[in-house]
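Enquirer: Shown below is the structure under consideration.
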Amino acid sequence: MNQKYIFGIAAALMVAVFATATLVHDSDKSARRDEVADQNRSILVREHSPTLGEAEARVHIVEFLDPACETCRDFFPYVKQLMAAAPGRIRVSVRYAPFHDGSEQVVKLLAAAKLQGKFWETLEALFAAQPNWASHHNPQPDMVWNFINGVGLDIAKLRADMADPAIDAIVRQDLADARTLNVTKTPEFFVNGRPMPSFGYEQLKQLVAEELDSQY
């Protein structure tokens, strides 16, 4: 054999070995990703978690949020846009992560509003007024009462429910699950149990698209 032919065979073998190694690495990476997703699913959603969308939706987004978080407020319309772009195929669940000092009372208000079937309306009202009651990451929970009058809540019942130990238990459970899932900031998203590889709207959109496609 001439030298050029031998080099050609060697190069082809190296390419084949590299391609095989890449496939094995990608397969292992995918397996690890699926394993992490399966582990996460068991604690990502609790019975008390507010959920929007069809129960049989192909994609399930779980968001850990703080109502005093400006980025949570900014992302809220984007999540609704994702749902609107894939009708019936995406559902969203919310977990409470009151990381800002003073926001725990506002989270309890949201949890109590859910008991009246007004969680989403109350969340939207709080986000709309957030610059007034949580300017510069400095929540003033006593001010939120000025901005929820139009939601249709029974305020007396709301205040009573906020003081119920069951509401406190909900917040404690969500914070415990956040720690287990290594959630340290808000918003934090999981899509079908998968955490985002990095933060950003395009990353969330891509992860949702991957999960929509993978279900077929």
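The values are calculated or read from the model by the stated rules, or taken from the named source; none is laboratory data. Just so you know, these numbers come straight off a predicted model, no measurement behind them. Because the Cβ atoms are built from the backbone with ideal geometry, glycine has one as well, and the counts that use them run over all protein chains shown.
Enquirer: Being part of a helix (DSSP H, G or I) and touching a residue at least 60 places away in the same chain (Cβ under 8 Å) is the filter here; which residues of the stretch 197-216 pass it?
Expert: TYR201, LEU204, LYS205, VAL208, GLU211, LEU212
Enquirer: Which members of the stretch 109-129 meet the condition of being in a helix (DSSP H, G or I) and in contact with an Asp or Glu (Cβ under 7 Å, 6 or more places away or on another chain)?
Expert: Within the stretch 109-129, ALA112, LEU115 qualify.
Enquirer: For GLY88, only one of the following conditions fails: (1) closer than 24 Å to GLY53 by Cα; (2) of a type outside the set (A, V, I, L, M); (3) crowded, with 17+ Cβ neighbours inside 10 Å. What is its number?
Expert: Unmet for GLY88, out of (1) closer than 24 Å to GLY53 by Cα; (2) of a type outside the set (A, V, I, L, M); (3) crowded, with 17+ Cβ neighbours inside 10 Å: (3).
Enquirer: Also, quick follow-up: Report yes if VAL94 is within 17 Å of GLU188 (Cβ to Cβ), without any contact (Cβ under 8 Å) to a residue 60 or more places away in the chain, buried (at least 23 other Cβ atoms within 10 Å of the Cβ) and among the β-branched types (Val, Ile, Thr), otherwise no.
Expert: In short, yes.
Enquirer: Among residues belonging to the stretch 141-183 that are part of a loop (DSSP other than H, G, I, E, B) and without any contact (Cβ under 8 Å) to a residue 60 or more places away in the chain, point out the one that is surrounded by the fewest Cβ atoms within 10 Å (Cβ to Cβ).
Expert: ASN182
Enquirer: With the condition kept exactly as written, say whether any residue in the stretch 128-143 is in contact with a strand residue (DSSP E or B) (Cβ under 8 Å, 6 or more places away or on another chain) and either charged (D, E, K, R) or closer than 17 Å to GLU70 by Cβ (or both).
Expert: No, there is no match, as no residue in the stretch 128-143 is in contact with a strand residue (DSSP E or B) (Cβ under 8 Å, 6 or more places away or on another chain) and either charged (D, E, K, R) or closer than 17 Å to GLU70 by Cβ (or both).
Enquirer: Kindly indicate which of GLY8, GLY88, GLY53, GLY102 is modelled with pLDDT under 95 and closer than 30 Å to ALA128 by Cα.
Expert: After ruling out the rest, the residue left standing is GLY102.
Enquirer: Here is a follow-up. In the stretch 63-104, what residues are outside any helix (DSSP H, G or I), over 12 Å from the mean Cα position of the chain (by Cα) and closer than 16 Å to GLY200 by Cβ?
Expert: Answer for the stretch 63-104, where residues must be outside any helix (DSSP H, G or I), over 12 Å from the mean Cα position of the chain (by Cα) and closer than 16 Å to GLY200 by Cβ: just CYS69.
Enquirer: Among the residues of the stretch 126-138, which ones are modelled with pLDDT of 95 or more, out of contact with any Phe, Trp or Tyr (no Cβ under 6 Å at 6 or more places or on another chain) and either closer than 17 Å to ASP101 by Cα or surrounded by 15 or more Cβ atoms within 10 Å (Cβ to Cβ) (or both)?
Expert: Listed by number, the residues that qualify are LEU126, GLN130, PRO131, ASN132, TRP133, ALA134.
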